[in-house]
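Inspection log for the structure reproduced underneath, given as structure tokens.
The values are calculated or read from the model by the stated rules, or taken from the named source; none is laboratory data. All values reported here derive from a predicted model rather than from experimental measurement. Reconstructed Cβ throughout: ideal geometry from the backbone, glycine too, with neighbour counts over all protein chains shown.
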Amino acid sequence: MASVAPTPEVAAPIIPSEEIASVPVSARDPQWGAHDALVTVVVFSDFQCPFCARVEPTLKMVRDTYGPTKLRMVWKNNPLPFHQNARPAAEAGMAVFGLKGSNAFWAFHDRAFGNQSELGADNYRKWATEAGVSAAEFDEALTSKRFSGKIEQDLALASKVGANGTPAFRINGVSLSGAQPFDKFKEVIDPLLVEAGAALLEGTPPSDVYAALTNKHQTAEAAAQPPSKQADDEDLNVWKVPVAADDPVRGAKDALVTVVEFSDLQCPFCKRVEDTLKQLTESYGKDLRIVWKDNPLPFHPRARPAAYLARYAYTQKGNDVFWRAHDQLFQSNPKLEDVDFERIAGQLGLNWAAAKAASDRGVFAAKIDGSIALASELQARGTPHFFINGRRLSGAQPYENFAKLVDEQLALAKGLVASGTPRANVYEKIIRNGKEPPPPERKVVPAPDASNPVRGTAAAKVVIEEFADFQCPFCKRAEPTLQALQQKYGTKIKFVWRHLPLPFHRNAELAAEAAQEVYAQQGNAGFWAFHDKLFGSDKDDTTRTDRATLEQFARELGVNMDQFQAALDSRKHQAKVEADAALANKIGINGTPAFVINGYYLSGAQPEAAFGRLIELSLKGGPSLAR
């Protein structure tokens, strides 16, 4: 059986655009190759499937031909229900990955496919230990199933993107199914390499290439599918989607069908679906209402400012003016610069200077962030995304697909009214017992010791443990959010710092050791002052963490420079930094920033609302792990 050649073990970074792509990729996926490779092959596979085993030599040829800088391979679990050993093997594989990372996973992967007729618990344990995993840790992980939730997410994704058999591939969003020969892969990959190169030349950041091209190709494929095929991936759940008192609403308050729309004012697909939504409102009249929820995507830089202007219109002049702002912003899209906002504000009779000031101060940030967090909890990835009386419909779909679901829900609602439910209560009754977002992921972190810097009141009820890297741009991006949390919650929270320098950030270990030396000399106050200088610097991420800058910041803080330089030269704090990183790896944290909030896990530079939800859960009696 062809093996996966190991690459240097590099923790997959948290890339927000990839996590919300139509085929999302995150640090929780086993990966081979560079995170910024031009082409990503997402593999939906099953350890017991004979066709998956048959394609493995071809996948090795693909990796060998294109190499890790051009091509990345990402594993997604799709254990088929009629393969009795597939799910246990997947759970074992994810335990290996969670405990030891991608290289260990691929070693386990090779043994499983190379010995497919011998799948079983004893061999899973044997292959895990051969991959470098402690037998005791492996047994505990399997028993607790703490890494098994990822399999459910992968299965849901496979269903969503139509990967209903194995093996199935999404290559920068382009579908390829079955154990195809090398030439078939080459036919797909070669033009995608050219397309990705062109996207870079046009100014697409390397970190956004995967999401941009995947969203493009998946949308094109969805549009090309007949409605009957799209229906195969239908989510039959009724989701409990709340409607807030201050959500903009178009339509009657007592409408029998509620369409909750998560949307982005810069998104071309959201703009495209607007004509369909207007047709719906005309067709169904008083029986249908549309509720707006903001979900500005991070790779649309003008989406949030546009959302702020629309929100300002709502707060100043009410619901009707919000929808006028909404319509004019979509008409102006893609022209969404401040000069365009000023023109629209004038047409709406709004004070542009006041609107701009409110936007700059982040007056509406909490509302927007709360909506983004809700979208994330409901797995409403990408925009536009709809819930029709709680039933999910994703993307800029044709009118017929909306009408089919609206008609179904309208019939249900009319039945409720006939049996005595007031029209105004229909939506709440339908969603009352609906499916709620899954509970937050949990991780157990040992109590910090005296070597861990702490910011906040010792007796704080909520402990936020941050695993971070001083060179990481996403860690820097998270800082304003963490500062806002500190101001909001005061003595109720405290922060604990854990070092997790990523291998591909060449200055990260040095910066971590420098910060630890400042802590050794000046305690918490000195560490956090040094921390704030590093993240507050306007230099680029590499320069602000080079030795000269580290020494400059230390000198400004009055650190004993002889001791500081000696500590860096001797790698005095290397063991401490490595211990923190080893802990992160042990509990399944592979990217930065990552947070454990009283046992609740949060990955990435998330909005304030995402933190707030977990903090509030902790304050109300969630996992009591504060110390």
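Name the residue that is surrounded by the fewest Cβ atoms within 10 Å (Cβ to Cβ), counting only residues in segment 487-532 that are more than 22 Å from PHE595 (Cβ to Cβ), modelled with pLDDT of 95 or more and of a type in the set (D, E, K, R). Across segment 487-532, the extreme among qualifying residues is GLU513. Being within 22 Å of the chain's Cα centre (by Cα), more than 18 Å from GLN471 (Cβ to Cβ), surrounded by fewer than 21 Cβ atoms within 10 Å (Cβ to Cβ) and assigned by TED's automatic domain parsing to the domain that holds ILE493, is that true of even one residue in segment 569-576? No, that holds for no residue.
Residues of segment 282-310 that are surrounded by fewer than 18 Cβ atoms within 10 Å (Cβ to Cβ) and part of a helix (DSSP H, G or I): GLU282, SER283, GLY285, LYS286. When the criteria are applied in full, THR69 fails the requirement of being surrounded by 15 or more Cβ atoms within 10 Å (Cβ to Cβ), assigned by TED's automatic domain parsing to the domain that holds VAL25 and within 30 Å of GLU195 (Cα to Cα). When the criteria are applied in full, VAL209 fails the requirement of being buried (at least 18 other Cβ atoms within 10 Å of the Cβ) and modelled with pLDDT of 95 or more.
Of all residues in segment 39-68, those that are over 23 Å from GLN116 (Cα atoms) have Cβ atoms under 6 Å from Cβ atoms of residues that are part of a helix (DSSP H, G or I) and aromatic (Phe, Trp, Tyr), 6 or more apart or on another chain, in THR40/TYR210. What number of residues in segment 535-552 are among the hydroxyl-bearing types (Ser, Thr, Tyr) and free of Cβ contacts under 8 Å to residues at least 40 places away in the same chain? The qualifying residues number 3.
Residues considered: GLU261, GLU274. Of these, the only one that is assigned to a strand (DSSP E or B), of a type in the set (D, E, K, R) and within 13 Å of PHE330 (Cβ to Cβ) is GLU261. Residues considered: PHE269, PHE330, PHE322. Of these, the only one that is assigned by TED's automatic domain parsing to the domain that holds ALA366, of a type in the set (Phe, Trp, Tyr) and under 24 Å from VAL209 (Cβ atoms) is PHE269. Residues that are surrounded by 13 or more Cβ atoms within 10 Å (Cβ to Cβ) and either among the hydroxyl-bearing types (Ser, Thr, Tyr) or under 26 Å from the mean Cα position of the chain (by Cα) (or both) within segment 437-455 comprise PRO437, PRO440, GLU441, ARG442, LYS443, VAL445, SER451, listed in sequence order. In segment 424-463, the residue that is farthest from TRP239 (Cα to Cα) out of those that are part of a loop (DSSP other than H, G, I, E, B) and among the charged types (D, E, K, R) is ASP449. Among the residues making up segment 419-433, those that are closer than 30 Å to LYS271 by Cα and under 35 Å from the mean Cα position of the chain (by Cα) are VAL426, TYR427, GLU428, ILE430, ILE431.
Summed over segment 371-401, the residues that are at pLDDT below 90, in contact with a strand residue (DSSP E or B) (Cβ under 9 Å, 6 or more places away or on another chain) and charged (D, E, K, R) give a count of 1.
Does ALA460 count as surrounded by fewer than 24 Cβ atoms within 10 Å (Cβ to Cβ) and assigned by TED's automatic domain parsing to the domain that holds TYR519? Yes; evaluated as a whole, the condition is true for this residue.
When residues of segment 471-483 are filtered for being buried (at least 17 other Cβ atoms within 10 Å of the Cβ) and assigned to a helix (DSSP H, G or I), how many remain?
Number of matching residues: 7.
Just one of the listed residues (THR421, THR383) is in the same structural domain as TRP292 (by TED's automatic domain parsing), assigned to a loop (DSSP other than H, G, I, E, B) and surrounded by fewer than 22 Cβ atoms within 10 Å (Cβ to Cβ), and it is THR421.
Residues in segment 391-418 that are farther than 20 Å from GLU282 by Cα and either polar (S, T, N, Q) or in a helix (DSSP H, G or I) (or both) were compared, and the one that is farthest from the chain's Cα centre (by Cα) is ALA418. Looking at THR542, THR549, just one residue is among the β-branched types (Val, Ile, Thr) and either assigned by TED's automatic domain parsing to the domain that holds PRO30 or modelled with pLDDT of 95 or more (or both), and that residue is THR549. Annotation for segment 363-371: at least one member residue is more than 21 Å from SER22 (Cα to Cα), in contact with a Lys or Arg (Cβ under 7 Å, 6 or more places away or on another chain), part of a loop (DSSP other than H, G, I, E, B) and not assigned by TED's automatic domain parsing to the domain that holds SER159.
Within segment 239-296, being hydroxyl-bearing (Ser, Thr, Tyr) and over 26 Å from the mean Cα position of the chain (by Cα) holds for THR258, THR276, THR281, SER283, TYR284.
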